[in-house]
Amino acid sequence: MERVRDYDLTMLIKASINGADDAWDELVRRHARLVAVVIRQYRLRPADAQDVSQIVWLRLIESLEHIREPAALPGWLVTTTRRECQRYAQRGSRTVVVDPATLTSMTAPDAPDAGDALLATERHQVLRDGLAELSPEQQRLIALLSSDPPATYADISRILNIPIGSVGPTRRRVLEKLRQTAAVQSYLRSPTEVKAGGARHVTAELER
């Protein structure tokens, strides 16, 4: 029987979509360093760096089925991680992008945009409100998925006392339920969100 460590990227993505816990763990293992390297370039505060990592992995959970070209996954992760780092910079963090080879500044930080910072704060509050509508067990699952690195399916199965084969389907149901909470749905229908370009990934912007 072929081990997941021998899978190519296409096989890993397909198996992860189908809920294979070992495939998801391997997918994260292969790319965790890439995400961490990008985050380090922005010199975020430790708490912000952890939040960015959590958001990136949650976005991947939501977007995995839509990645049509597996070879594009590393680039997708880099782009997504940079975007989230920049959002945290716009929220007011004193952030400087650095060259990882020399650890010297590459660019001066942009001045925070007050509108973007306010919108990010609003989104995080909406997510906190949405999480409050979930059951304690569902909140625990979200917390485990948001850990850095994300908890393995084996760990989630043990901690939540659920069959390991049900972790993937349960994950998808809980994320969908979060999207359907009154708090998130109200936000998605708001004029502010329309002006901001939509919130297809709003449920990925979680803060512990």
* Structure fact -> Only one of 137, 133 is touching a Ser or Thr at 6+ places or on another chain (Cβ under 6 Å), of a type in the set (Asp, Glu) and touching a residue at least 12 places away in the same chain (Cβ under 8 Å), namely 133
* Total residues in the stretch 137-154, condition modelled with pLDDT of 80 or more and surrounded by fewer than 16 Cβ atoms within 10 Å (Cβ to Cβ) -> 5
* Hey, residue 111 hits all of (1) of a type in the set (Gly, Ala, Ser); (2) farther than 26 Å from residue 165 by Cα; (3) modelled with pLDDT of 80 or more but one; which does it fall short on? -> (3)
* **Hits in the stretch 40-89 (condition: hydroxyl-bearing (Ser, Thr, Tyr), over 22 Å from residue 171 (Cα atoms) and at pLDDT below 90)** => 42, 88
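The values are calculated or read from the model by the stated rules, or taken from the named source; none is laboratory data. Keep in mind the model is a prediction, meaning the values are calculated, not measured. For neighbour counting, all protein chains shown are included, and Cβ atoms are generated from backbone atoms with ideal geometry for every residue, glycine included.
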